[in-house]
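Colleague: My structure is below; once you've seen it, I'll send some questions.
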There are 2 protein chains.
Amino acid sequence: MEKVDYILRADYLLTMEGDLSVINDGAVAVTGSNIADVGTFADISEKYTSEKISSGKNRVIFPGLINTHTHAAMVYFRGLADDMPLQEWLEKHIWPAEGKWMTGEFVDNAVGLAAVEMLKAGVTTYADQYFYQNIAAEKLVKIGMRGVLGAGVIDFPFTGYAQSVDDYFINAENLINAWKDSELISPCIAPHATYTCSPDNYKRANELSEKYNVPIHTHLAETQFEVAECQKRYGKTPVEHLESIGLLTERLFAAHCVWLTDNEIELLSKRSVGVSHCIESNLKLASGFAPVSKMLNAGVTVALGTDGAASNNDLSILGEMSTAAKVHKAVSMDPTVVDCRTSLLMATKNGAEIIGLGEKTGSIKPGKKADLVIADIDKPHLNPVYDIYSHITYCMRPSDIETVMVNGKILVDNRKLTTVDEAEILDIARQWQEKIKDQ
Amino acid sequence: MEKVDYILRADYLLTMEGDLSVINDGAVAVTGSNIADVGTFADISEKYTSEKISSGKNRVIFPGLINTHTHAAMVYFRGLADDMPLQEWLEKHIWPAEGKWMTGEFVDNAVGLAAVEMLKAGVTTYADQYFYQNIAAEKLVKIGMRGVLGAGVIDFPFTGYAQSVDDYFINAENLINAWKDSELISPCIAPHATYTCSPDNYKRANELSEKYNVPIHTHLAETQFEVAECQKRYGKTPVEHLESIGLLTERLFAAHCVWLTDNEIELLSKRSVGVSHCIESNLKLASGFAPVSKMLNAGVTVALGTDGAASNNDLSILGEMSTAAKVHKAVSMDPTVVDCRTSLLMATKNGAEIIGLGEKTGSIKPGKKADLVIADIDKPHLNPVYDIYSHITYCMRPSDIETVMVNGKILVDNRKLTTVDEAEILDIARQWQEKIKDQ
């Protein structure tokens, strides 16, 4: 009998490996930061002992959810401006607010709130695109959460963070050097979009990404405006433009991908570019409906992202799963597309793969890091149970997430954060609210 | 100083009357089943005293949510069959399951689960279309919830409930006579749809509705199949067909209304027919996108419904609000449509109006029944707060609903049911699950 740190048990265990079959009365053995073994509780308890064995009654275990596109610190602008056109929203509200408030302290405080919100909703990893990522990284390590933090690049300076465009690259390289060996933080570089980044800046980002073998995180083909602008400037659609400057590699993952030609879908598939589908943000900003069913059929790895809370307005991947699974059925006029298994795959395994963490997380498999959640299904809205996958996609809510483990450490225990003081984080958020609302 | 049963206080009070302005630090005085007064806490506490004054810190009060279209008892088929075409879903799964299991006992038990799920999600009233509504009515009265219960009518008998088509009308008239003076239950009649009810049966339903002045609840223009079938049988689209047989009156409220011509939208508006928009069901069954923005512009009163849990898969109106507010922006390519105020109006005041309860519920107004909810916004996903309407539509979840009052009685107190045993209801659901899953 081998001793392990935890044996986590559940009526339903979903590894998201192989044929996706459910392990009834399953268990996961966890040692240190790793998954040691997976199987039925009967098998696991024959091979392992632990002082910490969770009760599995009316519980389901699945891999930690992965938010593949967000701007965590924008959580402080949640609900600041809604129900208006994108350009008005950006130019009259979001950019002025960022210009006025965004500092290292702002990012530190806001990332704390975003991390707490995501952890309580079962999100164990997020991929971000913003500034001051060194500060976000420190915060995440303190909390114990996993992050793929992309240092933003745009064509113009940003007071306090980058006095010149060169500074974006210096900051990105510093971030990479500081965090490339971290267990929790994967640094990366994040050129913003084709309408805010010149071909030269995209190429510089690509060189840095190649030099250090880190991902590139960008926005791509989000709006019709962007496509028209790209056509005007470069005579090409956004994906073709990035292809022409050598950006389409397996290191790139692209958020949105709403307006794509069939040829562009083929290109994304051929070049193994991952796509972060942000359905709720695309809907709320009236950007359009991404061709998810077509992309999946073409072999593109599609994952899910919330985008920032200013355009969503929450950071829940369970919400994205449900919305994506429903909306694409109506868009395709085919109720079989984005079924409940596909939806959970997008939120877990696909998510890990596109952000460069496919070896580390995204499924429950011996040798991978122990990033997983236990949900409580002893709830009116989760009964009766005929197909647990259906319930996770169509009925489960963040409040059903009971336990969250990242890298072998329990960060949410019976819905309570273990490494941060939630009340303090809410108080700080309200202090910022009082300042920001009077801007 | 007048003594009242309750003074309910909140940082934000939304009455859903007038210009929808927020009452900061507001309070509602409740006596018996009625709302006695509404105002700032300062004003209310000068005029009234009560032994029960709730603390309002980080709380919001708004009218109880109204689910204007469901089949509550179908909650026992939640997740029984998903991700498949409508006809396969109905013919191979739902109809056989109903044929095998639907009895009075089934309805009693299942309605218990549905009511608990809805109450905990802030739904204080629902409009239903099913069989055995006398049993549902007894159950709701025991729980204390409000219901507009429609006795179903179809063209063919249903074993155990209706040996002949006449029985549907006999059962409906009995239901109306038994419950027409009830404070909580509004009986009504519910001819199913144009493809399952003959013109004669629609007309008989209309006569009964006129005789007793009760609403008619039907499905209308849900799918392209239905429109084609109606054209084939009657040479008219569904709304035109109902117009031609005299069904379009203000007593009618119609679920779905997905496939409408501009002329039909005008007809619905002119005849004051209310529409129950069931977006999540329409998406999940790939029925299509209802023209909600057009209907609202044409002056149609549009409210929200979940449809049955077998096609949603939950009974949360907060979910419908968020989905409707987001999806219609993308459908219209206009981010200003179905804004967060409109969304809450649809879920409250509009809901009450279309189901014939506009005088009784749907807003917080002296003289109306005290149907309201208190939500706790001291949560990571609900901070900071710049616009409380935005948070209710885009971020609030059923688990944020803390207190639910129906007809002046608290049914959910700090998230716990006060009139039913939730654990027992879950146990009974699991017993049914074991039977149904092996069918």
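The values are calculated or read from the model by the stated rules, or taken from the named source; none is laboratory data. If you're wondering where the values come from, they're calculated on a predicted model, not measured in any experiment. Reconstructed Cβ throughout: ideal geometry from the backbone, glycine too, with neighbour counts over all protein chains shown.
Colleague: Looking for something at the interface with another protein chain (Cβ under 10 Å from one of its Cβ atoms) and at pLDDT 95 or above - is there at least one such residue anywhere in segment B:349-369? Break it down stepwise before answering.
Modeller: Here is the first cut: in segment B:349-369, the ones at the interface with another protein chain (Cβ under 10 Å from one of its Cβ atoms) are none.
No, the conditions are met nowhere in segment B:349-369.
Colleague: Evaluate segment B:308-326: report whether one residue or more is outside any helix (DSSP H, G or I), surrounded by fewer than 24 Cβ atoms within 10 Å (Cβ to Cβ) and either within 14 Å of chain A (Cβ to nearest Cβ) or in contact with a Lys or Arg (Cβ under 9 Å, 6 or more places away or on another chain) (or both).
Modeller: The answer is no; no qualifying residue exists.
Colleague: Got a sec? Which of A:Leu285, A:Leu247, A:Leu296 is in contact (Cβ under 8 Å) with a residue 40 or more places away in the chain, farther than 22 Å from A:Val327 by Cα and buried (at least 20 other Cβ atoms within 10 Å of the Cβ)?
Modeller: Numbers: A:Leu285 fails: farther than 22 Å from A:Val327 by Cα; A:Leu296 fails: farther than 22 Å from A:Val327 by Cα.
Answer to the check: A:Leu247.
Colleague: A:Glu105 - would you say it is facing chain B (nearest Cβ under 8 Å) and modelled with pLDDT of 95 or more? Let's see the steps before the verdict.
Modeller: Numbers: facing chain B (nearest Cβ under 8 Å): no; modelled with pLDDT of 95 or more: yes.
Here the answer is no, as A:Glu105 does not meet what is asked.
Colleague: Here's a follow-up. On the basis of being among the small types (Gly, Ala, Ser), touching a Cys at 6+ places or on another chain (Cβ under 8 Å), outside any strand (DSSP E or B) and under 23 Å from A:Gly274 (Cβ atoms), does A:Ser209 make the cut?
Modeller: Numbers: among the small types (Gly, Ala, Ser): yes; touching a Cys at 6+ places or on another chain (Cβ under 8 Å): yes; outside any strand (DSSP E or B): yes; under 23 Å from A:Gly274 (Cβ atoms): yes.
In short, yes.
Colleague: Additional query: Pick from B:Val373, B:Val300, B:Val385, B:Val338: which is in a loop (DSSP other than H, G, I, E, B) and away from chain A (no Cβ under 14 Å)? Lay out the reasoning, then the answer.
Modeller: Working: B:Val373 fails: in a loop (DSSP other than H, G, I, E, B); B:Val385 fails: away from chain A (no Cβ under 14 Å); B:Val338 fails: away from chain A (no Cβ under 14 Å).
That would be B:Val300, the only listed residue that is in a loop (DSSP other than H, G, I, E, B) and away from chain A (no Cβ under 14 Å).
Colleague: Which one is surrounded by the most Cβ atoms within 10 Å (Cβ to Cβ) among residues in segment A:68-97 that are in contact (Cβ under 8 Å) with a residue 24 or more places away in the chain and among the charged types (D, E, K, R)?
Modeller: Among them, the one singled out is A:Arg78.
Colleague: I'd like to know if segment A:256-271 contains one or more residues that are away from every other protein chain (no Cβ under 13 Å) and under 15 Å from the mean Cα position of the chain (by Cα).
Modeller: Within segment A:256-271 (the criterion being away from every other protein chain (no Cβ under 13 Å) and under 15 Å from the mean Cα position of the chain (by Cα)), the answer is no, since none of the residues qualifies.
Colleague: Kindly check whether there is at least one residue in segment B:381-401 that is within 30 Å of A:Met74 (Cα to Cα), in contact with a Pro (Cβ under 8 Å, 6 or more places away or on another chain) and either modelled with pLDDT under 95 or among the polar types (S, T, N, Q) (or both). Walk me through how you get there before you give the answer.
Modeller: First, pick out the residues of segment B:381-401 that are within 30 Å of A:Met74 (Cα to Cα): B:381-401.
Filter once more, so that each one left must be in contact with a Pro (Cβ under 8 Å, 6 or more places away or on another chain): B:381, B:397, B:399.
If we keep only those that are either modelled with pLDDT under 95 or among the polar types (S, T, N, Q) (or both) as well, we get B:399.
Yes, there is a match, as at least one residue in segment B:381-401 is within 30 Å of A:Met74 (Cα to Cα), in contact with a Pro (Cβ under 8 Å, 6 or more places away or on another chain) and either modelled with pLDDT under 95 or among the polar types (S, T, N, Q) (or both).
Colleague: Kindly provide the set of residues from segment A:178-206 that are under 22 Å from A:Ile354 (Cβ atoms), of a type in the set (D, E, K, R) and not in a loop (DSSP other than H, G, I, E, B), ordered by number.
Modeller: Within segment A:178-206, just A:Lys203 meets the criteria.
Colleague: For segment A:406-436, name all the residues that are free of Cβ contacts under 8 Å to residues at least 24 places away in the same chain, within 10 Å of chain B (Cβ to nearest Cβ) and charged (D, E, K, R).
Modeller: Correct list: A:Asp427, A:Arg430, A:Glu434.
Colleague: Now, a different point. Mind listing just one residue for me: the one in segment B:178-222 that is of a type in the set (S, T, N, Q) and touching a strand residue (DSSP E or B) at 6+ places or on another chain (Cβ under 8 Å) and, of those, farthest from B:Ala162 (Cα to Cα)?
Modeller: From segment B:178-222, those of a type in the set (S, T, N, Q) are B:182, B:186, B:194, B:196, B:198, B:201, B:206, B:209, B:213, B:218; that's our starting set.
In the following step, the residues that additionally are touching a strand residue (DSSP E or B) at 6+ places or on another chain (Cβ under 8 Å) were identified as B:186, B:194, B:201, B:206, B:209, B:218.
On the way: B:Ser186: 22, B:Thr194: 20, B:Asn201: 14, B:Asn206: 19, B:Ser209: 19, B:Thr218: 19 Å.
Result: B:Ser186.
Colleague: I need a count of the residues in segment B:275-292 that are more than 7 Å from chain A (Cβ to nearest Cβ), of a type outside the set (A, V, I, L, M, F, W, C) and under 17 Å from the mean Cα position of the chain (by Cα).
Modeller: 3
Colleague: Moving to a separate point now. Mind listing whichever residues of segment B:7-24 are assigned to a strand (DSSP E or B) and surrounded by fewer than 17 Cβ atoms within 10 Å (Cβ to Cβ)?
Modeller: B:Asn24
Colleague: Does B:Val28 satisfy the criteria of being β-branched (Val, Ile, Thr), surrounded by 23 or more Cβ atoms within 10 Å (Cβ to Cβ) and more than 30 Å from A:Ser343 (Cβ to Cβ)? Reasoning before the result, please.
Modeller: Working: β-branched (Val, Ile, Thr): yes; surrounded by 23 or more Cβ atoms within 10 Å (Cβ to Cβ): yes; more than 30 Å from A:Ser343 (Cβ to Cβ): yes.
Spelling it out, B:Val28 is indeed β-branched (Val, Ile, Thr), surrounded by 23 or more Cβ atoms within 10 Å (Cβ to Cβ) and more than 30 Å from A:Ser343 (Cβ to Cβ).
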